[in-house]
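Everything on this sheet refers to the single structure shown next.
No value in this document is a laboratory result; all are computed from the given coordinates. Since this is a predicted model, take the numbers as computed values, not measurements. Note that each Cβ is placed from the backbone with ideal geometry, even for glycine, and that neighbours are counted across all protein chains shown.
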């Protein structure tokens, strides 16, 4: 009860006074600044990939610095002010034990620091509302931050108890905390001799695990030891008033002993370390896409995993192939130890641990590093009479230019190869040959009527075409596409709300039409199988300098720009990011930017299929990993190849939120206003209100 | 109630208390006198359990300090010399805190807070922040917190320092009212405070207890000087002739009284044990002589010293 009464007094002294809110405004301003800049850095330079590594880890390391700068301001007055006022004499002559006085002050300061940390959760909740991420690692990091705040508080109280000057208390606390932080900066300097144990005392290393979403008992023990050390030393200082004669020497010996004990506790923590990884595992279930491929299997398939005994990676590999065996009775799995059965490895041509071979009859495909998509692709590929043949059609006239153009699409080609397709580059000016699917990369340069005619004839024979139509593509090609019901327009679409924050001004996030708000202008024929290409892509597709595609009467719109978008003919100004809406010439969106068309060709052949997208950049290596770009392309090729039932079931390559994050310009403005504006301002207003109230009470 | 035996305390080379011993009976009000630096505050801090003595023992309210300083603190109410208080706290909140810490029985808190608020006259300022109160009110708040737990012993270090005369009177009244029920030890520079409320004084000098005396005994010291004064009007030479004829008195000096008259000071030739009685006899004789000689008698009688004179004399100092 006495601690409760004292705690109430301490809490009132902290929360009822302006200091906490002034410090809070400073704290939240810095934390908000880091939140915003780390977020912008993450989406612009980190491409929004892997939110934990590229955003949260940075943010939490920055928050630690903010905490280091603010906690000394919270603890400085704890004992120093009491000494200055003389109220220590009151406390020490009341029926209180020193431990009770310390406990109340420690709890109050720890609660104040935790309250500040709690406010920093608000921007993270906002972020979660924009794109949900798994909360586990964030919770681990906050546990680490609270533990660290508690050890900061313990050290702050110790130094506050040594002086009656608040400034001295704050500065010395800051100094000690910085020292504990920088101990690990120059690790090589302390490699040998007695200095080698110094980095182990560093807070830097002990917080890193928490920031990564991993809770380790040795780190918890470390922070608990710091708190114990600070508290014990502080009690010694408070008890010094009753020292008789010189007890300095025994105290120093005692504190030294305590340090040694803490060292042992730390070593003990290292020895018996338990690890709790709160980072989410990727879902270990097969995607509906893979399951459909397994359902369609019409012959037995053998999957062989080549492992090495006691290799930690074995579990992952055998788990992966095991899930295929569980899902289909036609799949038989064998695990082969390469070292015990080298002949078998040679027979399959395997020279790496962890390799997987998928075999059907005498046809087989081998992967050094297999994943679910590769194995599913191999099963689909081996089930076909022959692999799907995809031709990439570059648009430049000379061979060197074509090669350069092709290099920009290496990631796309790699993805197709992973699926088991055969990918080939078409020579400049040539037709699609015997390819099942042709992908036109840009369509700039000359398209003589003869080449157009060759493609028309190929389509009539059952060919399937994907056109990535860049602005400025050949007029002959555009005219032919228009006749076929997908007319590429000469303008560029600008969508200020949906552009990538910090990215180029002509970037734009396009969604399937049903998802664009207030979208009634782009009707689509119901029941069209092509709708499945984009309907599941809720993250949208990131395009760059896209052109509108005017759909024909029976064409299906796959992607459209947002309702705030508009089209301009001034491509130069658009690209320089200085275009503004001109009511006399520019048109208001939304505009279709990807369109699918299907038409009968007669003579018993299946219908001809074609997809036209108003942009080629989105399929290049630099863009392929953004949002749902890759899935949109693979779905398009799947629909064109006639795998209609697989298209809608494709497993997502990347987990939204965790592995892929997109920040639009509008969202960035909101983040800035909330984190750097609203929260610090609210804290400052509370401080102001308290100052005014105090003035009025006088 | 308080037994102090051979207590000593040093701060570095300075010996603040040197083998001090005394006892205080239950219900007694004791004043601790002494010049600055004489060890008063150190002694009071030891009695309140703030720090232990280097040597010696003390028992306060039945508990040996060395055994259980915590229990001593529960039984002693203390107003420190600087009366340190948390300026941002309201009076009510502060008394509530003091009650929660000093009184284990929660059910009596409200009643005790109301009681000390009334006794110390704090009703009008209960809601105000302590930092905004006058010095007098702050002193009352300090005394209220010391009294709130109905302590066996109340220790007040310089309770009247900085108060105006009316407040001093109020405080004396308050402390005098406690006598008999609560044992009180108060330190002061002001002899009048001690004389008006204390039963006994302890005088400390340079860490040593130089006198422990009842106040009424001290009052007797006031006239124990063997000196007599006469104030009259006339010529100084003639007065000297008039007084020279006294057998048991000797003229020490005749001077102007500052108001156009004369002031003659006489001392006994042989100081006696019953000095006061003898002096009064001599005064009557002088009066008769003056009246016979036609001298107007403005004042005649034994010279009374102030308590301060006694105090300084006892300490061997000079005014």
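Roughly what angle does helix A:217-239 make with the longest principal axis of chain A, taking Cα atoms, 0 to 90 degrees, to the nearest 10? Long axis of A:217-239 versus the principal axis of chain A: about 20 degrees. The mean number of Cβ atoms from other chains found within 10 Å of a Cβ in peptide B:101-108 is 3, as a whole number. When peptides A:373-385, A:152-164 are sorted by average Cβ neighbour count within 10 Å, with the highest value leading, the order is A:152-164, A:373-385.
In chain A, the longest principal axis of the Cα atoms and the axis of helix A:372-383 are about 20 degrees apart.
Only Cα pairs under 8 Å and 6+ residues apart enter the sum, and on that basis the relative contact order of the range B:146-277 stands at 17 percent.
With each label modelled as a point 7 angstrom along the Cα→C-beta vector, the residue A:8-residue B:70 pair spans 2.2 nm.
When each of the peptides A:595-606, B:185-196, A:475-486 is scored by the mean number of other C-beta atoms lying within 10 Å of its residues, the order from highest to lowest reads B:185-196, A:475-486, A:595-606.
How many percent of DSSP beta bridges within the protein assembly as shown run antiparallel, rounded to 5? Expressed as a percentage, antiparallel bridges in the protein assembly as shown total about 60. Working from Cα pairs under 8 Å separated by at least six residues, relative contact order for chain B is 19 percent. Be a star and scan the range B:170-198 for residues whose amide nitrogen sits under 17 Å from the point 7 Å along the Cα-to-Cβ vector of residue B:164. So the set is B:170-172. The range A:80-105 and the range A:532-576 have their alpha-carbon centroids 69 Å apart.
With R₀ fixed at 45 Å, the C-beta to C-beta distance from residue A:343 to residue A:130 puts the FRET efficiency at about 0.20. Summarising the strand pairing of the range B:2-221, around 55 percent of its internal DSSP beta bridges are antiparallel. Each label point was placed 7 Å from the Cα along the Cα-to-Cβ direction; for residue A:450 and residue B:214 their separation is 14.1 nm. For a test of the definition: using alpha carbon positions, the gyration tensor, and the 1.5 limit on a/c, classify the range B:227-303 as rounded, prolate or oblate. Prolate, since a/c reaches 1.5 and a/b exceeds b/c. Sort the protein assembly as shown into rounded, prolate or oblate with this rule: let a ≥ b ≥ c be the square roots of the eigenvalues of the Cα gyration tensor; rounded if a/c is under 1.5, and if a/c is not under 1.5, prolate when a/b is larger than b/c, oblate otherwise. Prolate shape, in that a/c is at least 1.5 and a/b is the bigger ratio.
On the basis of the beta-carbon distance and an R0 of 51 Å, residue A:258 and residue B:19 show a calculated FRET efficiency of 0.85.
Per residue of peptide B:78-87, the mean number of Cβ atoms on other chains within 10 Å of the residue Cβ is 5.
When each of the peptides A:553-561, A:12-20 is scored by how many other beta carbons lie within 10 Å of its residues on average, the order from highest to lowest is A:553-561, A:12-20. If you take the Cα centroid of the range B:112-155 and the Cα centroid of the range A:278-355, the two points sit 82 Å apart.
Of all DSSP beta bridges confined to the range A:386-647, the antiparallel ones make up roughly 55%.
Mean residue ellipticity, 222 nm, helices only, chain A: the sum of -39500 (n - 2.57) across DSSP H runs of n ≥ 4, divided by residue count and rounded to 500, is -15500 deg cm²/dmol. Put in order of Cβ neighbour count within 10 Å, fewest first, the listed residues A:487, B:105, A:497 become B:105, A:497, A:487. The mean sequence separation of alpha-carbon pairs under 8 Å and at least six residues apart, normalised by the residue count of chain A, gives a relative contact order of 15 percent. Ordering B:21, B:256, A:202, B:247 from the fewest to the most neighbouring beta carbons within 10 Å gives B:247, B:256, B:21, A:202. Here the residues A:348, A:21, ranked from fewest to most Cβ neighbours within 10 Å of their Cβ, fall in the order A:348, A:21. Rounded to 0.05, the FRET efficiency of the residue A:334 and residue A:599 pair, given R0 = 60 Å and the Cβ-Cβ distance, is 0.80. Remark: mean inter-chain Cβ contacts per residue of A:78-91 equal 4, using a 10 Å Cβ-Cβ cutoff to other protein chain atoms.
Rounded if a/c is under 1.5, else prolate if a/b is larger than b/c, else oblate: which is the range B:2-221, with a ≥ b ≥ c the root eigenvalues of its Cα gyration tensor? Because a/c hits 1.5 or more and a/b exceeds b/c, the range B:2-221 counts as prolate. Using only Cα atoms, tell me the angle between helix A:166-182 and the longest principal axis of chain A; keep it within 0 to 90° and round to the nearest 10. So the inclination is approximately 50 degrees. Taking 7 Å steps out from each Cα toward its Cβ at residue B:115 and residue A:407 produces label points 9.5 nm apart.
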